[in-house]
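J.: Please find one structure pasted underneath; my questions will follow.
Any read-out appearing in this document is the output of simple, stated calculations on the displayed coordinates, not a laboratory observation. Only a predicted model underlies this, so the values are computations on that prediction, with no experimental measurement involved. With ideal geometry, Cβ positions are generated from the backbone for all residues, glycine too; neighbour counts draw on all protein chains shown.
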Amino acid sequence: MSEIIIIIQFFFAVVIGLYFLNLLRGQQGNKAAVEKESRIELEKLQRLREISLSEPLSEKTRPKTFQDIIGQESGIKALKAALCGPNPQHVIIYGPPGIGKTCAARLVLEEAKKNPRSPFRKNAKFIEMDATSVRFDERSIADPLIGSVHDPIYQGAGPLGVAGIPQPKPGAVTKAHGGVLFLDEIGELHPIQMNKLLKILEDRKVFLESAYYNSQDRNIPAHIHDVFQNGLPADFRLVGATTRSPSEIPPAIRSRCLEVFFRPLLKEEIGWIAERAAQKGGFHIEKSAAAVVSMYADNGRDAVNIIQMAGGIALSDERNHISKEDVEWVINNGDYSPRPAKMVGDRPQVGCVNGLAIYGPNLGVVMDIEASAVKAARGKGVATVTGIVDEEEIGGGGKKVRRRSNARSSVDNVMTVIRRCLQLEPKDYDIHINFPGGIPIDGPSAGIAILLAVYSAISGIPADNKTAVTGEVSIRGDVRPVGGVPSKIEAAAQAGAERVLIPAENWQETFSKSRVQVIPIKRVEEAIHISLHHSNEKLSASSVIPETDILAASGSRKKGYDCTY
């Protein structure tokens with residue numbers, strides 16, 4: 001009997017041994033197959049890496065130093081002030097595309113590392129993400145920006161998942177810990193992500209949640225307990241870049257950031273970028289060709305793309321120089337539109353005034369405001385306004401309201417001021433006010449320009465063609481502050497103006513160093529005095545215009561009329 005038991009035991013021992021032997025062989029076979037497949041894939045990857053095309057011209061011309069970033073000296077100075085000191089701040093950079101916002105932020109971080117007082121260490125990272133392409137799952141399965149938790153139920157959870165342990169996955173905010181998180185097009189970030197980001201900026205850490213986490217579970221590793229209880233570190237400085245205007249960015253994020261403005265490039269700067277791009281591409285470019293590029297390219301990226309295409313045409317003809325004809329062909333084939341480069345008129349005209357407007361983030365433009373006045377039957381005159389000024393849409397968050405435009409309201413204000421303060425009756429004239437060019441007029445800043453155009457048309461006095469104006473007009477004749485004044489002053493300088501009239505409340509000492517003469521005004525009579533009656537005089541910003549001269553410029557007023565200032 002005992003012999004039979006021994007035989008049975010031996011049999012089962014052999015069976016079990018063969019089972020584990022086959023299992024071991026299977027594991028070794030699987031391991032060998034995996035290693036073989038891995039070697040094949042690595043060889044394929046290596047062969048792919050050995051294939052390399054020539055470096056694109058856009059890469060060759062990418063700024064490597066601050067000197068390579070053209071036209072942004074003021075913006076870079078502000079960015080350094082915000083990030084290179086002992087207490088770096090969060091920043092939002094405004095500006096059109098292709099002017100060096102990303103490169104400037106990267107270079108400023110490297111500059112900050114050189115400052116011994118800066119909290120940025122030598123190994124501080126620059127993590128770059130595009131807000132338009134950040135994808136996240138509302139169930140918190142995946143979130144590359146904030147971070148997520150890989151719960152055990154999801155495929156690929158690994159050994160920890162098999163053991164029922166949730167696994168935190170750091171996001172970009174944690175990867176940027178101790179450095180800079182650059183978020184391009186921050187205005188496009190999803191509202192849910194924006195709210196999460198605001199919380200992280202306050203706490204400087206990320207708290208993750210999971211239904212599978214139990215603080216009493218001793219099987220969960222200590223580092224995962226630490227993450228869930230104390231959060232992932234996320235002490236970084238946010239640098240957001242956007243092509244939107246400040247009013248389109250959520251106030252909550254703006255209140256936590258310093259705001260830096262990069263200006264659009266001038267025509268001469270676009271031409272310089274085109275010449276440098278051609279040189280780095282191994283081409284010689286004609287001056288006339290670079291001038292054409294500067295007329296159509298809005299930014300450095302556009303200029304480089306035009307040069308790259310024109311260079312391809314030259315190479316196909318076995319030439320190493322880019323001609324004007326090459327660039328013109330690219331412009332026509334690419335359907336490029338000319339830059340808005342309005343210049344002031346060559347002579348003073350009755351009823352034509354240079355107004356100033358904003359048509360994009362940090363982008364100013366000079367626009368004509370025209371007026372005509374024809375004598376009508378007493379009190380029977382009508383006012384006609386043409387241009388895109390009829391109504392505008394305001395509001396957000398699912399609720400929008402259509403209302404009469406501010407520009408149209410400015411026309412009504414002007415009529416009241418002319419009647420009340422300048423002692424003229426606009427209803428004695430058929431008045432036609434026109435905003436040419438198809439540019440939508442939004443906001444009250446055209447008020448002073450409308451008033452000057454109408455007064456010039458009624459009085460027959462030409463308006464100075466070298467003066468540009470901006471400011472809101474109240475019904476009492478006061479000139480009130482408006483927005484975007486620095487951009488408007490720059491636009492006036494580019495358009496060939498010699499002086500700019502701005503509201504006195506907008507005056508800054510830095511304007512005294514502008515390329516044009518900037519004159520602050522408080523009353524409409526001052527604007528009339530400067531723009532219509534003394535167009536050939538050189539007036540300083542601090543000059544005081546006697547009240548008697550203002551009265552003479554605007555006509556006698558009835559005694560006791562309430563238009564004091």
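J.: Quick one: which residues, 5 or more positions from Phe261 or on another chain, have an amide H under 5 Å from its amide H? H modelled 1.01 Å from N in the peptide plane, none for Pro or chain starts.
T.: Correct list: Tyr94.
J.: I've got another one for you. Enumerate the calculated ³J(HN,Hα) couplings along the stretch 349-357 in order (Karplus 6.51 cos²θ - 1.76 cosθ + 1.60, θ = phi - 60°), each rounded to whole Hz, writing x wherever the residue is Gly or Pro.
T.: Those phi angles translate into 9, 6, x, 10, 10, 7, x, 10, 9 Hz.
J.: Calculate, axis by axis, the spread of Cα positions in the stretch 171-287 along the three principal axes, and write the results as whole Å, longest axis first.
T.: Its Cα atoms span 75, 37, 21 Å along the three principal axes.
J.: What net charge do the residues around Ala81 carry, taking every other residue with its C-beta under 14 Å from that of Ala81, with Lys and Arg at +1 and Asp and Glu at -1?
T.: It works out to a net charge of +1.
J.: May I ask you to list the trypsin sites (Lys or Arg not before Pro) in the stretch 53-147 that are in a DSSP loop and have at most 11 other Cβ atoms within 10 Å of their Cβ?
T.: The qualifying sites are Lys64, Lys114, Arg117, Arg121, Lys122, Arg135, Arg139.
J.: Cross-link list Lys80/Lys169; Lys342/Lys488; Lys64/Lys513; Lys375/Lys522: which exceed 23 angstrom alpha carbon to alpha carbon?
T.: Lys80/Lys169; Lys64/Lys513; Lys375/Lys522
J.: Rg/Rh for the stretch 267-334: what does it come to with C-alpha atoms and Rh from Kirkwood?
T.: 0.91
J.: Then there is this: Any chance you could list P(r) for the stretch 46-113, counting all Cα-Cα pairs in 5 angstrom bins from zero, rounded to whole %?
T.: Reading upward from the zero bin: 3, 14, 24, 19, 13, 9, 7, 6, 4, 1.
J.: Could you calculate, for the stretch 111-251, the ratio of the Cα radius of gyration to the Kirkwood radius, expressed as Rg to Rh?
T.: On the Cα set of the stretch 111-251, Rg over Rh gives 1.02.
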